[in-house]
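Everything on this sheet refers to the single structure shown next.
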2 protein chains.
Amino acid sequence: MAVPEQRPALPDQVSELTTARLSVYLRALDQLAAAGTRTISSAALADRFGFNAALIRKDLACFGEFGVRGVGYDVDELRHHLRHILGLDRGLRLVIIGAGNLGLALADYPGFAADGFSVAGLFDVAPAKVGTRSRGGIEIRHVDGLPSLIDREAVDVAVVTVPSAAAQGTVDRAVAAGIRAILIFSPGTVRVPPGVKVRSVDVTLSLESLSFFLANERHARNPD
Amino acid sequence: MAVPEQRPALPDQVSELTTARLSVYLRALDQLAAAGTRTISSAALADRFGFNAALIRKDLACFGEFGVRGVGYDVDELRHHLRHILGLDRGLRLVIIGAGNLGLALADYPGFAADGFSVAGLFDVAPAKVGTRSRGGIEIRHVDGLPSLIDREAVDVAVVTVPSAAAQGTVDRAVAAGIRAILIFSPGTVRVPPGVKVRSVDVTLSLESLSFFLANERHARNPD
DNA sequence: CTGTGTGAACCCCTTCACAGCG
DNA sequence: CGCTGTGAAGGGGTTCACACAG
C-alpha cells in the first residue's frame, strides 16, 4: 500500500535543470516577500527576474498545483512549498574536510544559516592545524575522527576543500563513512559509487570559461 | 580582405557547453601528458574519462582539424591548441573585490598560476582592512582605487566576493571601469550590459541541489 | 476576464553511423 | 586497417498556444 506521506506523490522524473531553477525561484520569492508582495503571477515573476513564464509554471507543476487560476501564486505559501521540496526545512548538517584558506572561509560563512545548514565539524590531516580554530571558533579535528562524527552527528553533506591530489581519497573516505552528498571545490573529477551525489564548484573551470569569452569576443562593438 | 590571423577562422557559433568541455578535455590531457602518453584517440580519451568519443571529436572540430586519421591526437599539441583557444596563453589579470574570508582565500590561491592567471589587486571598502595584507602578502586597497588600477594594469577579470547586498553595486562599478568579464561568488543574480560576461559560483545553489537530492532520494536501496 | 496547467511545436545538443583520409 | 570529421537520427528541454478553472 502506498503510504500518503508528508511528501506528496513522488515526482516521477524531475530534471536537474528544473530543481536547480527551484532554488532560483525561491530567491526571487524571498526578495518579493521582503518587499511585501503577497501574490505574484508567473508572468510577473518572469518579467521581474528574466525567466520564462511557461517554464516557471511547468517547473512548479512537477510538484503540485500551487497556483490559483486568475490570480497567481501566494508568495509566502510558495516559498514554504519550495523550501520543503528542496529539503531546506530539514536543517542539513555539513562537515568541511580540508582546513585550508577556503575550508576556513566556508566554516565561518554566515550564509549557511539562511538555508538551515549548519557546520558539524571541520577536519584536516595536518598535525599543526589540528586543535586550532577558525576565526569563528570552529575547532579543526583530525580526519581520522571523521567517520565517528559523521555517524554520531548524522551528517548529511561533506564539503571537500582539499588539494586536487587528495580529493579522490578524501571522497572515498567520506563515502565509506556513509556520506551520500558531496560538495567538492577541488578542480577535477572524482568517481563515486551510484547513489552518491557530487556537486562540483570549480573556480578554475569558470575562469577558463571567462578566458575563452575574452579571447574570442568579436561581439557588437566594432562589427568589422 | 580577411586577415589570416593567428586565431583561425572565427568559430562561427560555438555552444557554451562545448567551450566548457574544452576545459575538461584539457585537464584530462594534462593528466595524460604527466603520465607520458604521447598520442590518444577520441575513443581512448572517452573511455578513460567517461566522455563520448563523437562529442569530443565534434567539439574539437569546431576549432580546426587537430587529429590525424588512423592515429588520433597528439597529446601535447592538442594541449597547446586548447590552451590557446581558451586564451590561457594570455596571462589574464584578475582583481579580487571583497577582502572577506573568501576573497582573502582566493587572493592566495596557488591554483591560478597553472592557468596563467595572476592577481593584480585586492580591494575592500572597510577602512580597517585597507592597508593590511593577505597571508600571502597581497595588499588590500580601497575600492576607490579600482578604476585606475583596472586601467593601469589592463585587468581582464573582476572576481567579486562581496556580500549579496553589495554585489550589484560592485559589479556596476567594475563594468564602469571597463571590466567585461566577472566571476561572482555572491549568491543571487546581477544585471550587466550586453557584451559583459558573468560567471556565477553559487555555493548556496549547489548545496540546495544536494539538499533536494537527499530529500527526494528513493533510489536503488529499498526499492519498495 | 485573468492566469494556471499542459499538450504540441520547436530548437538545440548529443549520439549514431559511416565516408574518407592517412 | 584505424580513426577522424561529419551528416543524419534521436532525445530533452524550452517555448508556444490554448482549454479551462476561479
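Cα convex hull, the range B:91-205: 103 Å³ per residue, rounded to a whole number. Normalised by residue number, the volume inside the convex hull of the Cα atoms of the protein assembly as shown is 183 Å³ per residue. Extension gain for A:Glu217 to A:His142 (0.36 nm times residue separation, less C-alpha to C-alpha distance): 22.3 nm. Shown here are the Rg and Dmax of the Cα trace of the range B:21-161, at 19.7, 64 Å.
Extension gain, B:Val14 to B:Glu77: 0.36 nm times the residue separation minus the Cα-Cα distance gives 20.5 nm. Taking a label point 7 Å from Cα toward Cβ, how far is B:Gly169 from its twins in the other copies, in nm, shortest first? Shortest to longest, the spacings are 4.6 nm.
Of the residues A:Leu207, A:Leu122, A:Leu88, the one that moves most in a GNM of chain A with alpha-carbon contacts below 10 Å is A:Leu207.
Given A:Lys197/B:Lys197; A:Lys58/A:Lys197; B:Lys58/B:Lys197, which pairs have Cα atoms separated by over 27 Å? List each step's numbers first, then the result.
Details: A:Lys197/B:Lys197 29 Å; A:Lys58/A:Lys197 25 Å; B:Lys58/B:Lys197 25 Å.
With Cα atoms farther than 27 Å apart: A:Lys197/B:Lys197.
Quick check of the Kirkwood formula: for the range B:110-149, what is the inverse mean of 1/r over all pairs of different Cα atoms, in Å? By the Kirkwood definition, the hydrodynamic radius is 11.1 Å. Between copies, A:Thr189 shows label-point distances of 3.1 nm, shortest first, with the point placed 7 angstrom from Cα along Cα to C-beta. Think of each Lys and Arg Cβ as +1 and each Asp and Glu Cβ as -1; about the Cα centre, that makes the dipole of the range A:91-205 roughly 80 debye.
For the rotational copy pair B/A, the chain B residue whose Cβ lies nearest the symmetry axis, together with its distance in Å, is B:Ala105, 2.
Sorted shortest first, the distances from the A:Gly145 label point to those of the same residue in the other copies are 4.2 nm; each point sits 7 Å from Cα along Cα-to-Cβ.
When a/c reaches 1.5 or more, the comparison of a/b and b/c decides; with that in mind, is the range B:16-88 rounded, prolate or oblate per its Cα gyration tensor?
Rounded, because the longest to shortest axis ratio a/c is under 1.5.
For peptide B:100-112, the mean count of partner chain Cβ atoms within 10 Å of a residue's Cβ comes to 5. When the square roots of the Cα gyration tensor eigenvalues are ordered a ≥ b ≥ c, the ratio a/c for the range B:149-224 is 1.5 or more and a/b exceeds b/c, which makes its shape prolate.
Using 0.36 nm per residue, how much length does the chain from A:Arg191 to A:Asp172 gain when fully extended, once their Cα-Cα distance is taken away? Extra length available between A:Arg191 and A:Asp172 comes to 6.0 nm. Report relative contact order for the range B:70-224 in percent, whole number only (criteria: Cα-Cα under 8 Å, sequence separation at least 6). Computed value for the range B:70-224: 18 percent relative contact order. Per-residue ellipticity at 222 nm computed for chain A from its helices equals -12000 deg cm²/dmol, with DSSP H segments shorter than 4 residues left out and the rest contributing -39,500 (n - 2.57). Inter-label distance, B:Arg90 to A:Ala34: 3.4 nm, where each label sits 7 Å from its Cα along the C-beta direction. A Förster radius of 30 Å combined with the Cβ-Cβ distance from A:Val68 to A:Asp47 puts the calculated FRET efficiency at roughly 0.95. In loop segments of the range B:67-104 as defined by DSSP, the trypsin sites (Lys or Arg not before Pro) with at most 16 further C-beta atoms inside 10 Å of their C-beta are B:Arg69. Candidate cross-link partners of A:Lys129 among the aspartates and glutamates, defined by an alpha-carbon separation under 12 Å and a same-chain spacing of 8 or more, comprise A:Glu139.
Just so you know, all these numbers are worked out from the coordinates, no wet-lab data involved. What you see is a predicted model; the values in this text were computed from it and never measured. Here the Cβ is made from the backbone with ideal geometry for all residues, glycine too, and neighbour counts use every protein chain on show.
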